[in-house]
1. Name the residues in region 161-197 that are under 18 Å from residue 127 (Cα atoms) and exposed (fewer than 14 other Cβ atoms within 10 Å of the Cβ), would you?
2. What are the residue pairs meeting all of these: first residue in region 45-58, first residue exposed (fewer than 11 other Cβ atoms within 10 Å of the Cβ), second residue in a loop (DSSP other than H, G, I, E, B), Cβ atoms under 8 Å, and 6 or more apart or on different chains?
3. Output the residues belonging to region 66-105 that are touching a Phe, Trp or Tyr at 6+ places or on another chain (Cβ under 8 Å), within 21 Å of residue 126 (Cβ to Cβ), part of a loop (DSSP other than H, G, I, E, B) and of a type in the set (A, V, I, L, M).
4. For region 198-215, how many residues are crowded, with 22+ Cβ neighbours inside 10 Å and within 20 Å of residue 79 (Cβ to Cβ)?
5. Answer yes if at least one residue in region 135-144 is over 18 Å from residue 67 (Cα atoms), without any contact (Cβ under 8 Å) to a residue 40 or more places away in the chain and assigned to a helix (DSSP H, G or I), and no otherwise.
6. Just need a number here: residues in region 106-131 that are outside any strand (DSSP E or B) and in contact with a helix residue (DSSP H, G or I) (Cβ under 9 Å, 6 or more places away or on another chain).
7. I'd like the residue in region 178-201 that is assigned to a loop (DSSP other than H, G, I, E, B) and among the aliphatic types (A, V, I, L, M) and, out of all such residues, is nearest to residue 215 (Cα to Cα).
8. Out of 78, 91, 131, 119, I need the residue that is free of Cβ contacts under 8 Å to residues at least 40 places away in the same chain, farther than 16 Å from residue 148 by Cα and not β-branched (Val, Ile, Thr). Which one?
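The values are calculated or read from the model by the stated rules, or taken from the named source; none is laboratory data. Owing to the predicted nature of the structure, the values given are computational and were not obtained by experimental measurement. A quick note on method: Cβ atoms are made from the backbone with ideal geometry, for glycine too, and the neighbour counts reach across all protein chains shown.
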Amino acid sequence: MERPAFQRMRAVTIRRSDVLGPPRRAMIDWDSHQFHPVVHLPNEYEVRDFTTGEYSPSKFEYDIGRYDELRPGMYSTDLFEGRRFLHVGIDIGAPVGTPCMAFADGEISHFGYNPADGDYGYVVITKHILDGIPIWALYGHLNSASVAGKSVGQRVSPGEVICWMGDKHENGGWEPHLHFQLSYEEPETHDMPGVVAPADREEMLAIYPDPRLVLGPIY
């Protein structure tokens, strides 16, 4: 049975807090900010359901993988230790080479290559200050061009293309997509756990808030 497409609605009166509930940390007034899209989505795309652990390519050119979703059986490599399958980012599936943009003024904080099977491949992490509070954003599963010429502290501006989605040989072995993840805690390197153990859910969701705070109500 085909999964329904998501028809984007352009209701400008929708507030992020109406859709998502209050932020898990009452620090950033998310509704007071307007963010540039990270990826330009078409009017129709598929919102995936990976809770069964089954995967098949989308019939749509663009698709969305959800935040705070249990995905049993999907993460089978040693990297995930057989226990990490709660997804704490949002996946945006799109063609190889799709550009990804900064959502706000900020800077490059980390970048590099995570080569393990099932890992991110090429990664860029940006740092932003919102209401005086730092927030980090990870862009994962990128191509090699995404890290070329990058430097720590390099400034980025809203709408600036800062990376591109990679193919399987460079993105950790996945179908082309962007893993986009927010963090209240500064990463130690060019990495964040994109999936965590369900037993750690409450703690991890407090550290890695819902990316729709930036992306808006995309599902």
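1. Of everything in region 161-197, those that are under 18 Å from residue 127 (Cα atoms) and exposed (fewer than 14 other Cβ atoms within 10 Å of the Cβ) turn out to be 161, 185, 186, 188, 189.
2. Between residues of region 45-58 that are exposed (fewer than 11 other Cβ atoms within 10 Å of the Cβ) and residues that are in a loop (DSSP other than H, G, I, E, B), the close pairs are 57/175.
3. 88, 94, 104
4. So the answer is 1.
5. Residues of region 135-144 that are over 18 Å from residue 67 (Cα atoms), as a first pass: 142-144.
Then keep just the ones that are without any contact (Cβ under 8 Å) to a residue 40 or more places away in the chain; that gives 144.
Next cut, assigned to a helix (DSSP H, G or I) only: 144.
Yes, the conditions are met somewhere in region 135-144.
6. Pass one, region 106-131, residues outside any strand (DSSP E or B): 115-120, 131.
Imposing the further condition that a residue be in contact with a helix residue (DSSP H, G or I) (Cβ under 9 Å, 6 or more places away or on another chain) reduces the set to 116-119, 131.
Qualifying residue count for the region: 5.
7. Filtering region 178-201 for residues assigned to a loop (DSSP other than H, G, I, E, B) gives 184-194, 197.
Remaining after also requiring among the aliphatic types (A, V, I, L, M): 192, 197.
Values: 192: 19, 197: 25 Å.
The selected residue is 192.
8. Details: 91 fails: free of Cβ contacts under 8 Å to residues at least 40 places away in the same chain; 131 fails: free of Cβ contacts under 8 Å to residues at least 40 places away in the same chain; 119 fails: free of Cβ contacts under 8 Å to residues at least 40 places away in the same chain.
It is 78.
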